[in-house]
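The values are calculated or read from the model by the stated rules, or taken from the named source; none is laboratory data. Everything numeric in this text was worked out from a predicted model, so none of it was measured. For neighbour counting, all protein chains shown are included, and Cβ atoms are generated from backbone atoms with ideal geometry for every residue, glycine included. Keep in mind that these areas ignore ligands, DNA and RNA; they rest on the heavy atoms of the full protein, side chains included. Shrake-Rupley method; radii C 1.70, N 1.55, O 1.52, S 1.80 Å.
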Amino acid sequence: MADKWWKKAVVYEIYCKSFYDSDGDGIGDLQGVISKLPMLKDLGINCIWFAPIYTSPQVDNGYDVADYQNIEPAYGNLEIFKKLLDKAHAMGIRIIMDMVLNHSSDEHRWFQESRKSKDNPYRNYYIWKEPKEDGSEPNNWGNYFKEGNGSMWTFDETTGEYYFHQYSAKMPDLNWEYEPLRREVYKMLNWWIDFGVDGFRLDVISRLKKSPGFPDSTQQPDPVTDKGCFVADRRMCTDIPGIHDFLQELNEEVFGKRGCFTVGEGAGINPDNALMYIAPERKELDSVYHFDLSSRSRYTITPEHFRTVQKKWAAVIEQGGWAVQYLSNHDSARQVSCYGSDGEYRTRSAKLLGTLIHTTPGIPFIYQGEEIGMTNVYFDSIEDYDCCYTLGDYDALVKNGVSPEDALRTVAPRSRDNARTPYQWTGADNAGFTTGKPWMKLNSRYTEINLEKDRASDDSVFAYYQKLTAMRKEHVAIIDGNLQFYVESDPQLLIYTRHCEDETLLVIANYSGDKARLILPDVLKKGQWKRILSNTEDKPVMSDRDELSPWEVEVYQML
Ligand code: GLC
């Protein structure tokens, strides 16, 4: 039986800036979140992950932290956050903070000091290197945002050296090799635990350690999307030997000692190396947020891919690790647009996708708006986009001769802004998000897709998600059951059971926009099954038919 609270959790990610604006400045805020806690309680979630809400110049919407121990003024202050925390706790909702330990903002006090002189006490909090003899960057690594000339190094006049940043030049990497920096970080994390938070989502945690000696990457630059001679070769800073020393020390000084929940954002963590990060006896992280199923660069998921990924991660879980289930977040496009269908079958496919992540092993993470089936946006001007990746990719394409129209068409479908448009509360002005001017344009479909509408119907995506979260509380097999797939070569059907000593559940899904022939394996025909969830109305139970509608899904319990 699952022993830890987080194994039974349903986590809801809040991107505060776009959630709910309580004071009319066009930016979502914590008071806004407080006013919506009852809705989250009704949805049935029991943990909130806050994307960064710390003081920040907002270059990357908060992932550029200027003060780890304060709240972004546009969102509120520590007092309001404390009130939110207490209210959430009183409602049985835990809170985990997004903790960005790989880099800070260049406006953080540590960096301001660090850049002053080579002998400043904070100099080694960051990574500084001398120019090559010809004055150029210390190596050929390219930043992921493809910002500026593309390099991960920015020259600083004051001391005549380059500093290192995997992302924006305004987000310098912290130097984890330097013990005083690590001590300072542990103090800060323990302060948050004293404050009352229940755990951390650890941003790009597998990237704290860099390749020793910072050697050039041997990868060739992509002629179209890379800039100049710099290559965005993520391998140089991902899952590098030595990363586990950092994680073990973090656990010893903070996570393990204080018993808080951790989920590591795990680029480069895969089923083969995952146990090194999450096996309980290694005392590092509790769970991993991996990119095998869904990621910013994945446009579709096939049943075959779904089965392969789920089987591999289920094996990791069986060996004592724990992972997360999700299909979208603030870094991706909207799941119903990518992996389902956002036309005629929007609600049905949104329900199917929700069912898949709520019935496979691991912790389901819902991203705000997913529970009402929010869809991608299609802005017709690059000016309306805000995401650093989108702007960097667009710029690189145009510089390489692609027409602005084609460049926009290329970057838009995967833009993180698809997921960052304001939450659609109602069909009224600005979708009820703000009484002011929203910081980002809304998705024009808000009169059709909004929470108010969903709450008025028993058949909505929201109502269905309520059933999913309730099902998790009632059915132990969802947490503890092993995973077994059937009809494994079928290109449309996903059929699987979750089985534990006390219960067997069966999921049957047509993961396609066409009808599917229902092939029920003999072994499943034998049992007596009770239907406990379905996304289509009034259909006979599966034993009495041989066809599934497009995007149909059903869950059965063995009697
Ligand atoms: C993570 C965050 C993303 C951010 C990046 C740099 O991937 O989820 O939003 O841009 O880290 O902090």
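If you go through the stretch 152-173 and keep only what is in contact with a Lys or Arg (Cβ under 8 Å, 6 or more places away or on another chain) and under 18 Å from Asn102 (Cα atoms), you end up with Trp153, Tyr162, Tyr163, Phe164, Gln166, Asp173.
Okay, residues lined up against (1) part of a strand (DSSP E or B); (2) surrounded by fewer than 19 Cβ atoms within 10 Å (Cβ to Cβ); (3) modelled with pLDDT of 95 or more:
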residue	(1), (2), (3)
Pro138	no, no, yes
Thr154	yes, no, yes
Thr158	no, yes, yes
Gln166	no, no, yes
Glu184	no, yes, yes
Lys187	no, yes, yes
Phe200	yes, no, yes
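Quick one: how many residues across the stretch 228-243 are surrounded by fewer than 19 Cβ atoms within 10 Å (Cβ to Cβ) and free of Cβ contacts under 8 Å to residues at least 60 places away in the same chain? Of the residues in the stretch 228-243, 4 are surrounded by fewer than 19 Cβ atoms within 10 Å (Cβ to Cβ) and free of Cβ contacts under 8 Å to residues at least 60 places away in the same chain.
Where in the stretch 237-319 are there helices (runs of 4 or more DSSP H), lying fully within it, with 3 or more residues that are within 30 Å of Phe164 (Cβ to Cβ)?
Details: elements: 243-250, 274-278, 303-318.
Result: 243-250, 274-278.
Does Asp286 qualify as being more than 16 Å from the ligand (Cβ to nearest atom), under 17 Å from the mean Cα position of the chain (by Cα) and farther than 29 Å from Thr447 by Cβ? So Asp286 fits the description; yes.
What residue, among those in the stretch 541-559 that are in a loop (DSSP other than H, G, I, E, B) and of a type in the set (D, E, K, R), is surrounded by the most Cβ atoms within 10 Å (Cβ to Cβ)?
Selected residue: Glu552.
Residues of the stretch 101-147 that are free of Cβ contacts under 8 Å to residues at least 60 places away in the same chain and either of a type in the set (Ser, Thr, Tyr) or within 16 Å of the ligand (Cβ to nearest atom) (or both): His108, Ser114, Ser117, Tyr122, Tyr125, Tyr126, Ser136. Taking (1) touching a helix residue (DSSP H, G or I) at 6+ places or on another chain (Cβ under 8 Å); (2) at pLDDT 95 or above in turn, Asp502 satisfies each apart from (2). Entry remark, the stretch 116-129: residues being open to solvent by less than 60 Å² (accessible area, probe 1.4 Å) and either in contact with a Ser or Thr (Cβ under 7 Å, 6 or more places away or on another chain) or assigned to a loop (DSSP other than H, G, I, E, B) (or both) number 7 in total. Select from the stretch 245-287 the residues that are without any contact (Cβ under 8 Å) to a residue 24 or more places away in the chain and touching a Ser or Thr at 6+ places or on another chain (Cβ under 9 Å) and list them in ascending order. Within the stretch 245-287, none qualify. Scanning the stretch 45-70 for residues that are within 11 Å of the ligand (Cβ to nearest atom), part of a loop (DSSP other than H, G, I, E, B) and out of contact with any Gly (no Cβ under 6 Å at 6 or more places or on another chain) yields a count of 8.
Tell me the residue from Phe261, Phe246 that is under 21 Å from Gly62 (Cβ atoms), among the aromatic types (Phe, Trp, Tyr), at pLDDT 95 or above and open to solvent by less than 50 Å² (accessible area, probe 1.4 Å), please. Lay out the reasoning, then the answer.
Working: Phe246 fails: under 21 Å from Gly62 (Cβ atoms).
One residue alone meets the criteria, Phe261.
Exactly one of (1) open to solvent by less than 10 Å² (accessible area, probe 1.4 Å); (2) under 25 Å from Asn329 (Cα atoms); (3) more than 16 Å from the ligand (Cβ to nearest atom) is unmet by Pro73. Its number? The single condition Pro73 does not satisfy is (1). Taking the criterion of being more than 16 Å from the ligand (Cβ to nearest atom), without any contact (Cβ under 8 Å) to a residue 40 or more places away in the chain and among the aromatic types (Phe, Trp, Tyr), the only residue of the stretch 356-388 that qualifies is Tyr378.
Checking each residue in the stretch 102-115 for being outside any loop (DSSP other than H, G, I, E, B) and either touching a strand residue (DSSP E or B) at 6+ places or on another chain (Cβ under 9 Å) or within 27 Å of Ile240 (Cα to Cα) (or both) picks out His103, Arg109, Trp110, Phe111, Ser114.
Within the stretch 313-355, if we keep just the residues that are away from the ligand (no atom under 16 Å from the Cβ) and among the β-branched types (Val, Ile, Thr), the residue that is nearest to Tyr465 (Cα to Cα) turns out to be Thr355.
Residue-wise test of (1) over 30 Å from Pro422 (Cα atoms); (2) without any contact (Cβ under 8 Å) to a residue 12 or more places away in the chain; (3) open to solvent by 50 Å² or more (accessible area, probe 1.4 Å); (4) not in a helix (DSSP H, G or I).
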| site | (1), (2), (3), (4) |
| --- | --- |
| Asp454 | no, no, no, no |
| Tyr465 | no, no, no, no |
| Thr469 | no, no, no, no |
| Ile478 | yes, no, no, no |
| Gln484 | yes, no, yes, yes |
| Leu506 | yes, no, no, yes |
| Leu533 | yes, no, no, yes |
| Lys539 | yes, no, yes, yes |
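The set of residues from the stretch 443-482 being farther than 29 Å from Lys7 by Cβ and of a type in the set (D, E, K, R) comprises Arg445, Glu448, Glu452, Lys453, Arg455, Asp458, Asp459.
The set of residues in the stretch 12-43 being open to solvent by 10 Å² or more (accessible area, probe 1.4 Å), closer than 23 Å to Gln466 by Cα, touching a residue at least 60 places away in the same chain (Cβ under 8 Å) and in contact with a Ser or Thr (Cβ under 7 Å, 6 or more places away or on another chain) consists of Tyr20 alone.
In the stretch 419-437, the qualifying residues are those that are of a type outside the set (Val, Ile, Thr) and closer than 19 Å to Leu30 by Cβ, and the one that is surrounded by the fewest Cβ atoms within 10 Å (Cβ to Cβ) is Gly436.
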